[in-house]
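What follows is a set of notes on a single structure, which appears directly below.
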Amino acid sequence: MTFIKPLLLSFLVLLLGCGEEEKITEINNPELVAIAFFNALYNENDLKKAASVCEPKLARIILHYKSTKAVARHLFNMSYDNVEIRPDSSGVKVREQFKNSAVIIMYFDGFYNGQRLKDIKKISLVQEDDHWVIDKLLKDPF
(Lines give C-alpha, C1' and ligand atoms only; values in the text may rest on other atoms or scores of the structure.)
Protein backbone atom coordinates (compact mmCIF):
# COMPACT_ATOMS: atom_id res chain seq x y z
CA MET A 1 0.00 0.00 0.00
CA THR A 2 2.82 2.40 0.77
CA PHE A 3 4.28 2.15 -2.72
CA ILE A 4 0.88 2.92 -4.30
CA LYS A 5 0.77 6.51 -2.95
CA PRO A 6 4.06 7.58 -4.59
CA LEU A 7 2.95 5.79 -7.76
CA LEU A 8 -0.33 7.76 -7.84
CA LEU A 9 1.46 11.04 -7.18
CA SER A 10 4.04 10.25 -9.88
CA PHE A 11 1.20 9.52 -12.29
CA LEU A 12 -0.41 12.86 -11.48
CA VAL A 13 2.86 14.74 -12.00
CA LEU A 14 3.31 13.07 -15.38
CA LEU A 15 -0.31 13.70 -16.28
CA LEU A 16 -0.17 17.38 -15.37
CA GLY A 17 3.36 17.90 -16.67
CA CYS A 18 2.76 16.83 -20.25
CA GLY A 19 2.39 19.48 -22.91
CA GLU A 20 -1.15 18.47 -23.86
CA GLU A 21 -4.08 20.10 -22.16
CA GLU A 22 -5.56 17.37 -19.98
CA LYS A 23 -9.06 17.60 -18.57
CA ILE A 24 -9.26 17.08 -14.82
CA THR A 25 -12.60 15.28 -15.19
CA GLU A 26 -10.83 12.38 -16.92
CA ILE A 27 -9.08 11.50 -13.65
CA ASN A 28 -11.14 8.87 -11.83
CA ASN A 29 -9.69 9.25 -8.33
CA PRO A 30 -10.96 11.89 -5.85
CA GLU A 31 -7.53 12.53 -4.32
CA LEU A 32 -6.00 13.20 -7.73
CA VAL A 33 -8.94 15.41 -8.73
CA ALA A 34 -8.46 17.46 -5.55
CA ILE A 35 -4.72 17.83 -6.23
CA ALA A 36 -5.38 18.79 -9.86
CA PHE A 37 -8.02 21.35 -8.77
CA PHE A 38 -5.69 23.13 -6.35
CA ASN A 39 -2.76 22.79 -8.77
CA ALA A 40 -4.85 24.54 -11.45
CA LEU A 41 -5.60 27.37 -9.01
CA TYR A 42 -2.20 27.86 -7.43
CA ASN A 43 0.46 26.62 -9.84
CA GLU A 44 -1.13 26.84 -13.30
CA ASN A 45 -3.34 29.94 -12.74
CA ASP A 46 -6.10 28.30 -14.79
CA LEU A 47 -9.50 29.29 -13.41
CA LYS A 48 -11.53 27.47 -16.07
CA LYS A 49 -9.64 24.23 -15.52
CA ALA A 50 -10.27 24.44 -11.76
CA ALA A 51 -13.98 25.24 -12.25
CA SER A 52 -14.39 22.34 -14.68
CA VAL A 53 -14.21 19.84 -11.83
CA CYS A 54 -16.74 21.57 -9.55
CA GLU A 55 -20.48 21.25 -9.14
CA PRO A 56 -22.23 23.93 -11.25
CA LYS A 57 -23.06 26.15 -8.25
CA LEU A 58 -19.46 26.11 -6.97
CA ALA A 59 -18.12 26.57 -10.52
CA ARG A 60 -20.25 29.73 -10.93
CA ILE A 61 -18.88 31.12 -7.67
CA ILE A 62 -15.29 30.37 -8.69
CA LEU A 63 -15.71 31.88 -12.16
CA HIS A 64 -17.37 34.97 -10.63
CA TYR A 65 -14.04 36.01 -9.10
CA LYS A 66 -12.42 36.29 -12.57
CA SER A 67 -8.89 35.35 -11.37
CA THR A 68 -7.21 32.53 -9.52
CA LYS A 69 -5.63 35.00 -7.11
CA ALA A 70 -9.08 36.34 -6.11
CA VAL A 71 -10.39 32.79 -5.58
CA ALA A 72 -7.33 31.92 -3.49
CA ARG A 73 -7.73 35.05 -1.38
CA HIS A 74 -11.53 35.08 -0.91
CA LEU A 75 -12.54 31.41 -0.88
CA PHE A 76 -9.47 29.80 0.66
CA ASN A 77 -7.76 32.68 2.46
CA MET A 78 -4.44 31.41 1.07
CA SER A 79 -1.97 33.00 -1.32
CA TYR A 80 1.06 31.22 -2.78
CA ASP A 81 3.62 31.98 -5.43
CA ASN A 82 4.21 28.23 -5.74
CA VAL A 83 2.96 25.38 -3.60
CA GLU A 84 3.23 21.64 -3.13
CA ILE A 85 -0.16 20.02 -2.60
CA ARG A 86 -0.83 16.58 -1.16
CA PRO A 87 -3.89 14.79 0.23
CA ASP A 88 -4.18 13.26 3.66
CA SER A 89 -3.73 9.57 2.99
CA SER A 90 -5.46 8.39 6.17
CA GLY A 91 -8.92 9.01 4.63
CA VAL A 92 -8.52 6.48 1.82
CA LYS A 93 -10.12 3.58 3.71
CA VAL A 94 -13.09 5.73 4.74
CA ARG A 95 -13.58 6.83 1.12
CA GLU A 96 -13.55 3.22 -0.04
CA GLN A 97 -16.49 2.52 2.28
CA PHE A 98 -18.51 5.37 0.77
CA LYS A 99 -17.83 4.96 -2.93
CA ASN A 100 -20.01 7.85 -4.12
CA SER A 101 -18.58 10.57 -1.86
CA ALA A 102 -15.30 11.56 -0.30
CA VAL A 103 -14.09 14.16 2.19
CA ILE A 104 -10.43 14.92 1.68
CA ILE A 105 -8.04 16.96 3.76
CA MET A 106 -5.42 18.70 1.64
CA TYR A 107 -1.98 19.81 2.88
CA PHE A 108 -0.30 22.86 1.35
CA ASP A 109 3.39 23.70 1.68
CA GLY A 110 4.65 26.62 -0.35
CA PHE A 111 6.03 30.13 -0.56
CA TYR A 112 4.47 33.58 -0.83
CA ASN A 113 6.72 36.63 -1.19
CA GLY A 114 9.69 34.53 -0.11
CA GLN A 115 8.01 33.38 3.11
CA ARG A 116 7.21 29.71 3.65
CA LEU A 117 3.54 29.02 4.41
CA LYS A 118 1.79 25.80 5.37
CA ASP A 119 -1.97 25.28 5.48
CA ILE A 120 -4.68 22.65 5.54
CA LYS A 121 -8.04 22.66 3.73
CA LYS A 122 -10.94 20.21 3.67
CA ILE A 123 -13.15 19.58 0.65
CA SER A 124 -16.03 17.30 -0.22
CA LEU A 125 -16.29 15.45 -3.53
CA VAL A 126 -19.09 13.40 -5.04
CA GLN A 127 -19.03 10.93 -7.87
CA GLU A 128 -21.20 11.84 -10.85
CA ASP A 129 -21.49 9.14 -13.46
CA ASP A 130 -17.87 8.06 -13.94
CA HIS A 131 -16.02 11.13 -12.61
CA TRP A 132 -15.48 13.03 -9.37
CA VAL A 133 -16.46 16.67 -8.77
CA ILE A 134 -15.92 19.01 -5.85
CA ASP A 135 -19.26 19.90 -4.32
CA LYS A 136 -18.33 21.76 -1.11
CA LEU A 137 -15.52 23.68 0.51
CA LEU A 138 -15.67 22.60 4.14
CA LYS A 139 -14.66 24.47 7.27
CA ASP A 140 -11.02 24.25 8.27
CA PRO A 141 -10.43 20.99 10.11
CA PHE A 142 -8.26 22.54 12.82
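The values are calculated or read from the model by the stated rules, or taken from the named source; none is laboratory data. This structure is a prediction, so every number in the text was calculated from the model and none was measured. All Cβ positions, glycine included, derive from the backbone under ideal geometry; neighbour counts span all protein chains shown.
Within region 10-22, one or more residues are more than 19 Å from Val133 (Cα to Cα) and either acidic (Asp, Glu) or at pLDDT 95 or above (or both). Where strands (runs of 3 or more DSSP E) sit wholly within region 55-140, those with at least 3 residues that are touching a residue at least 60 places away in the same chain (Cβ under 8 Å) occupy 101-112, 115-128, 131-138. The sole residue among Arg86, Arg60 that is out of contact with any His (no Cβ under 8 Å at 6 or more places or on another chain) and either crowded, with 22+ Cβ neighbours inside 10 Å or closer than 19 Å to Val133 by Cβ (or both) is Arg60.
Per the listing Tyr65, Tyr42, the residue uniquely of a type outside the set (S, T, N, Q) and touching a Gly at 6+ places or on another chain (Cβ under 8 Å) is Tyr42. Pull up region 97-142, narrow it to residues that are basic (Lys, Arg) and touching a strand residue (DSSP E or B) at 6+ places or on another chain (Cβ under 6 Å), then point me to the one that is surrounded by the most Cβ atoms within 10 Å (Cβ to Cβ). Here the answer is Lys121.
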